[in-house]
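Q: Before I ask anything, here is the structure I am working with.
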Amino acid sequence: MTDSIGATGLKQRIVVGVSGATGIVYAVQLLRRLREVDVESHLVVSKAGDLTRTYETPLSMQQLRALADVNYRVGDVSAAISSGSFKTMGMIIAPCSMRTLAEIAMGMSSSLLTRAADVTLKERRKLVLLPRETPLHAGHLRNMLAVTEMGGIVMPPVPAFYLKPATIDDLVDHTVCRVLDLFGIDVPGVKRWGE
């Protein structure tokens, strides 16, 4: 179990963003894992992300929101996560659409989702994006490079078959746990190479 109180004495918090790309299952598992390790989750879902939820899961919006500790409306650009003074460990956007990636790469904020990502970068906190698109054209790659040059981490959810996963859930969970590794959050029971 991770100690949920950081060096500043504040509870550890991570912002979770969901955009309209396929793969909302990553966000669902991420929220579950954050709860297990007692890290406070702050959720913002784009309109397209909510639409994707209806296609890809049996969860209602209320059920998805119940997985998070705090929820925000995507249009509420005055929310706590839109300010750098609101302390977080960083932000994860899972899945991350190419539109969301492009807005972040260009420093544009048309919603709370992209404003929170911009704040994360300007405050030099970790921003991890799980882009879901293939194949990629040069514009996608340029945007990924731009985000990387600004300090973000682009982490496409690539399956790890060397672990011999038995289910899709195993593949999803491995990716989610690797994302949490980037924040120094150790999830109990994770299978690792060589262990």
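The values are calculated or read from the model by the stated rules, or taken from the named source; none is laboratory data. Not measured: the values here are computed from a predicted model. Cβ: placed from backbone, ideal geometry, glycine included. Neighbour counts: every protein chain shown.
Q: Among the polar types (S, T, N, Q), at pLDDT 95 or above and out of contact with any helix residue (DSSP H, G or I) (no Cβ under 9 Å at 6 or more places or on another chain): which single residue out of T148, T114 fits that description? Break it down into steps so the answer makes sense when it comes.
A: Values: T114 fails: out of contact with any helix residue (DSSP H, G or I) (no Cβ under 9 Å at 6 or more places or on another chain).
Of T148, T114, the one residue that is among the polar types (S, T, N, Q), at pLDDT 95 or above and out of contact with any helix residue (DSSP H, G or I) (no Cβ under 9 Å at 6 or more places or on another chain) is T148.
Q: Within the range 149-159, how many residues are outside any helix (DSSP H, G or I), over 19 Å from T22 (Cβ atoms) and not aliphatic (A, V, I, L, M)? Break it down into steps so the answer makes sense when it comes.
A: Here is the first cut: in the range 149-159, the ones outside any helix (DSSP H, G or I) are 150-159.
Then keep just the ones that are over 19 Å from T22 (Cβ atoms); that gives 150-153.
If we keep only those that are not aliphatic (A, V, I, L, M) too, we end up with 151-152.
Number satisfying all stated conditions: 2.
Q: Can you give me the number of residues within the range 37-65 that are part of a loop (DSSP other than H, G, I, E, B) and more than 14 Å from the chain's Cα centre (by Cα)?
A: At the first step, the residues of the range 37-65 found to be part of a loop (DSSP other than H, G, I, E, B) are 37-39, 46, 57-60.
Among the residues that remain, those that are also more than 14 Å from the chain's Cα centre (by Cα) are: 37-38, 57-60.
Summing the residues that are part of a loop (DSSP other than H, G, I, E, B) and more than 14 Å from the chain's Cα centre (by Cα) in the range 37-65 gives 6.
Q: May I pose another question? For the range 76-88, does any single residue satisfy the condition of being among the hydrophobic types (A, V, I, L, M, F, W, C) and modelled with pLDDT under 95? First the steps, then the outcome.
A: Residues of the range 76-88 that are among the hydrophobic types (A, V, I, L, M, F, W, C), as a first pass: 77, 79-81, 86.
Among the residues that remain, those that are also modelled with pLDDT under 95 are: 77.
Yes, the range 76-88 contains a residue that is among the hydrophobic types (A, V, I, L, M, F, W, C) and modelled with pLDDT under 95.
Q: Do any residues in the range 102-123 that are on the phi > 0 side of the Ramachandran plot have Cβ atoms under 7 Å from those of residues that are part of a helix (DSSP H, G or I), where the two are at least six apart or on different chains, and which pairs are they?
A: G107/D118
Q: For the range 51-58, does any single residue satisfy the condition of being closer than 19 Å to V176 by Cβ and among the charged types (D, E, K, R)?
A: Within the range 51-58, one or more residues are closer than 19 Å to V176 by Cβ and among the charged types (D, E, K, R).
Q: Is it true that E195 is at pLDDT below 95, within 30 Å of D76 (Cβ to Cβ) and not in a helix (DSSP H, G or I)?
A: Values: at pLDDT below 95: yes; within 30 Å of D76 (Cβ to Cβ): no; not in a helix (DSSP H, G or I): yes.
For E195, the condition - at pLDDT below 95, within 30 Å of D76 (Cβ to Cβ) and not in a helix (DSSP H, G or I) - is not met.
Q: Which of the residues spanning the range 40-83 are surrounded by fewer than 19 Cβ atoms within 10 Å (Cβ to Cβ), of a type in the set (A, V, I, L, M, F, W, C) and more than 20 Å from T120 (Cα to Cα)?
A: The answer is A48, L51, L59, M61, A66.
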